[in-house]
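Undergrad: The structure that follows is given in the form of structure tokens.
What follows draws every value from the coordinates through simple rules; no lab data is involved. This is a predicted model, so every value here is computed, not measured. So basically every Cβ, Gly included, is an ideal-geometry build from the backbone, and we count neighbours across all protein chains shown.
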């Protein structure tokens, strides 16, 4: 017998949620084969078996929260699963004339009163079978000799989890309904529904969505966040792309987009304003001498920010390739923890969804984020006599005012504007 445990994932990840079991109880598993998908704060990871054998027991079910190092399944030798399968009759005392002891004349003796189940025992066993409980909860209850029918469940549907069994004590308050009562109540009335619940839909937040929510609120509460704005005339960039897009695609097998221009411009601007490429640790400011630029990507399960490593050392084609690969990974849920860690500054593009203007929230512990927006034709004064319709984009910089002053923030955005309106100059930026 061997245990499958939640492995070490990353320094900042201590627990996860069972998203789905890829193998069922009784299935044959081989060493290195994926058995379960675990949802963490950042990405979903698949856990493998380090052993050959049969999956004899699942110690956690889908939706359960498990910690790093916790055993979540047991692998036994091949052929042992059938012996370990609990049946509906497990734990009951069965006796029949064929099984009972007979006297010397061959007549059936009376049942041994020590083995005969009492009415209470039979009732408890029947109640236990009706209880919805996770495998881990049932296992722990058996080990501790606890009647599951007396365990108070915190689940609205009365499902008993491992933590409910761990916290069980005979002195639990009488006004709390044990699992059996909750199940009966759930049968009588649809779970968690009131008269008006037919007009709403309740969806449990994924772990990633909960993490995004918590971190955004944390940033709002801990950072002195401020946003400053500017606008960029995108005429020169659009003309440059039009001239070079076919040749660029032929030579690099990737399309030339706006994001590579903004990434190169951000790197150049950060070199002029280094406090935007920093973070606060205690009473120290950590200035980063590298330029790992995060690019916010909208995925089905929530916003993720994969990182373009060493963006200052890459050309336009390499940046576009990285962006495309990371975006595809995000859409197919294939991002690794390495793809998401260690960014020094973030770019988010709400313009792809039509956003005209926004105040992006900092991706902590970073101290700055650049927001791009939709390109819109607007009348622009060329000089005192002339007006022209130009493709204009509003850009926004949200920054942590604790270490970044207004002068630096405005200088940063002004530098972005200058470089984007003269895109050939980006080639001269080291």
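Undergrad: With each label point set 7 Å from Cα along the Cα-Cβ vector, what nm distance links residue 299 and residue 352?
TA: For the pair residue 299/residue 352, the computed spacing is 1.4 nm.
Undergrad: Also: Please order 208, 247 by the number of other Cβ within 10 Å, starting at the fewest.
TA: Going from least to most buried by this count: 247, 208.
Undergrad: Still on this structure, please answer the following. Hey, with R₀ at 41 Å, roughly what FRET efficiency would residue 376 and residue 71 work out to, going by the Cβ-Cβ distance, to 0.05?
TA: 0.15
Undergrad: Separate question: Which order results if 284, 62 are arranged by neighbouring Cβ count within 10 Å, fewest first?
TA: Ascending number of Cβ neighbours within 10 Å: 284, 62.
Undergrad: Something else about it: Can you sort 425, 169, 355, 344 from fewest to most other Cβ atoms within 10 Å of each residue's own Cβ? Could you put the intermediate results ahead of the total?
TA: Values: 425 14, 169 8, 355 17, 344 23.
Fewest-to-most ranking of 425, 169, 355, 344: 169, 425, 355, 344.
Undergrad: Tell me whether segment 208-428 comes out rounded, prolate or oblate; compute the Cα gyration tensor, take square roots of the eigenvalues as a ≥ b ≥ c, and use a/c under 1.5 as the rounded threshold.
TA: It is oblate, given that a/c is not under 1.5 and a/b is not larger than b/c.
Undergrad: May I ask for the distance between the Cα centers of segment 1-68 and segment 255-333, given as a whole number of Å?
TA: Taking the Cα centre of each part, segment 1-68 and segment 255-333 sit 32 Å apart.
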